[in-house]
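The structure under discussion appears below in the form of structure tokens.
The values are calculated or read from the model by the stated rules, or taken from the named source; none is laboratory data. These numbers come from a predicted model, not from an experiment. We place every Cβ from the backbone using ideal geometry, glycine too, and count neighbours over all the protein chains shown. Protein only, heavy atoms only, side chains kept; ligands, DNA and RNA dropped before computing areas. Shrake-Rupley method; radii C 1.70, N 1.55, O 1.52, S 1.80 Å.
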Amino acid sequence: EKRTIWQHGVLLLVLMQSGALCARRFRGGRNPQPRRSPPPPTYRADRGDTTESFSLDFTAVEENMDNFMTQVKNLAQSLYPCSAQKLDYDMRLNFLENTSVTCNDGSPAGYYLKESRGSRRWLIFLEGGWYCFNKENCDSRYETMRRLMSSSKWPQTKTGTGILSPLPEENPHWWNANMVFVPYCSSDVWSGATAKTDQSGYAFMGSLIIQEVVKDLLKKGLENAKVLLLAGSSAGGTGVLLNVDRVAEMLEGLGHTAIQVRGLSDSGWFLDNKQYHCTDCVDTASCAPTETIKRGIKYWGGMVPERCKQAHEGEEWNCFFGYRVFPSIKSPVFVVQWLFDEAQLTVDNIQLTGQPVQEGQWRYIQNLGTELRNTLKDVPAMFAPACLSHEVITRNYWIDVQVKGTSLPRALHCWDRSLHDNRNNKAPPKGCPVHLIDSCPWPHCNPTCPTIRDQFTGQEMNVIQFLKHMGFDVQKMAQQQGMDPSKLLGMLSSGS
């Protein structure tokens, strides 16, 4: 038996070497396969060339030879396109079989899929993009952002980035999963179950779209899945919190009890806090967070998780806010949240353009970070950098941001391992943290934060330039900390 394991190990090493050569040939040869150019990097420096790597789990090989050989087969399959001189990275558009479940304007809803035959892991990603909450601002949204309300102009293919990337150097632990991107065209934070009517003029069917996507995917291999990760960013991140248990319960009801359903919520953990300046509720950007959801949930016919609904009878809008819905969620959920989220600051009427912020605004921003930390302290699996940004898991720099020396892909891998070990009554792995939150008190005090650009000049700003732009008083802060101003500047420059 040990000889067999050794032989398989040699085979695996040969495949890995072939994979590295193959990947290098396609990315650095004379005729590399064209690929959509990524957006300009917002991280402080290019990472440069990276070593080819393949996510392979060598643990407990003797105990689980089938799993080991599955990984070998997956790797061999991923190398097959090398022989055909073609790598197909794209996800392809599929419309729902159930044509009664639609986008806002009645056009068919759908999803983009890139299958990875042999893999039993599926990642379904819910797109974000704010929402509308009455006829007037939905009409305006339809005129200015129609792709978020209609499928009529959707392209036939889409290239995955970040956690949806099929490249191991960009996505070290999920690159070989079956990838599904669900475009957001319901404008209801993925909560609605209401067909189009003459009165509203729009359908709001976000929650039903998710259920129909899952049903369609069962026929395409999801029925054999081991893990289904329901992920999303911004409104999609809130959509994960609202729908992850519903998806798990639906699969269980259909007899697919072996599929482990999990959630990954990115930038969807909003606070129902008091705005810095109260304004009239005209649109989603000016309206107080609670007021938009109160109006929206009625307009959409929004659905919330049953256990949360029972806890907030008559005030179901509470369930759209992460810290209120999270205690009622049964499925494992990993929360990713910038401590100084740009969308949160927008709805709180903090404007970060033009003149440096006033002292009152600066205090408000710092207090926001403190409030957010407090709501996350009891979340067992989370990643919360002290950065001013919004969304991360589909960004090309998502592997670069760290909290206390651990990157987000590493934290997600540790979370996967801890859930696996829990199911098998093993102790969680040591040196593999899953609860990561920055403790420094102001935006961008973490040196691995994405680079900020001046919105008027487009120039990159370093930490000191950014803090001065924010109205940060170095002399005053140094005095409060009981240190010399030059020492504080040195610490800021080094990211301490």
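Key figures
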| read-out | value |
| --- | --- |
| Scan of segment 229-269 for residues that are part of a strand (DSSP E or B) and open to solvent by 20 Å² or more (accessible area, probe 1.4 Å), ordered by number | Gln260 |
| Residue match in segment 374-382 (condition: under 27 Å from Ile452 (Cβ atoms) and small (Gly, Ala, Ser)) | no |
| Residue in segment 254-291 that is nearest to Asp139 (Cα to Cα), counting only those that are of a type in the set (S, T, N, Q) and modelled with pLDDT under 90 | Thr284 |
| Where Phe334 falls short, out of the listed (1) at pLDDT below 95; (2) open to solvent by less than 30 Å² (accessible area, probe 1.4 Å); (3) not in a helix (DSSP H, G or I) | (1) |
| Single unsatisfied condition, Leu123 versus (1) within 22 Å of Gly263 (Cα to Cα); (2) open to solvent by 30 Å² or more (accessible area, probe 1.4 Å); (3) not in a loop (DSSP other than H, G, I, E, B) | (2) |
| Residue in segment 107-119 that is part of a loop (DSSP other than H, G, I, E, B), in contact (Cβ under 8 Å) with a residue 24 or more places away in the chain and over 30 Å from Ala411 (Cα atoms) present | yes |
| Ser328 vs. criteria over 22 Å from the mean Cα position of the chain (by Cα), open to solvent by 10 Å² or more (accessible area, probe 1.4 Å) and either of a type in the set (S, T, N, Q) or modelled with pLDDT under 95 (or both) | no |
| Filter pass, Thr375 being in contact (Cβ under 8 Å) with a residue 40 or more places away in the chain, on the phi < 0 side of the Ramachandran plot and hydroxyl-bearing (Ser, Thr, Tyr) | yes |
| Count - residues of segment 302-342 that are farther than 26 Å from Leu208 by Cα and of a type in the set (A, V, I, L, M, F, W, C) | 3 |
| Meets criteria (open to solvent by 20 Å² or more (accessible area, probe 1.4 Å), in a loop (DSSP other than H, G, I, E, B) and of a type in the set (Lys, Arg)) for Arg395 | yes |
| Search result, residues across segment 296-311 that are open to solvent by less than 40 Å² (accessible area, probe 1.4 Å) and either in a loop (DSSP other than H, G, I, E, B) or of a type in the set (Gly, Ala, Ser) (or both) | Gly296, Gly301, Gly302, Val304, Pro305 |
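Residue-by-condition table, conditions (1) outside any loop (DSSP other than H, G, I, E, B); (2) open to solvent by less than 10 Å² (accessible area, probe 1.4 Å); (3) at pLDDT below 95; (4) under 22 Å from Leu113 (Cα atoms):
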{"site": "Asn171", "(1), (2), (3), (4)": "no, yes, no, yes"}
{"site": "Phe181", "(1), (2), (3), (4)": "yes, no, no, yes"}
{"site": "Val189", "(1), (2), (3), (4)": "no, yes, no, yes"}
{"site": "Asp198", "(1), (2), (3), (4)": "no, no, yes, no"}
{"site": "Ile209", "(1), (2), (3), (4)": "yes, yes, no, yes"}
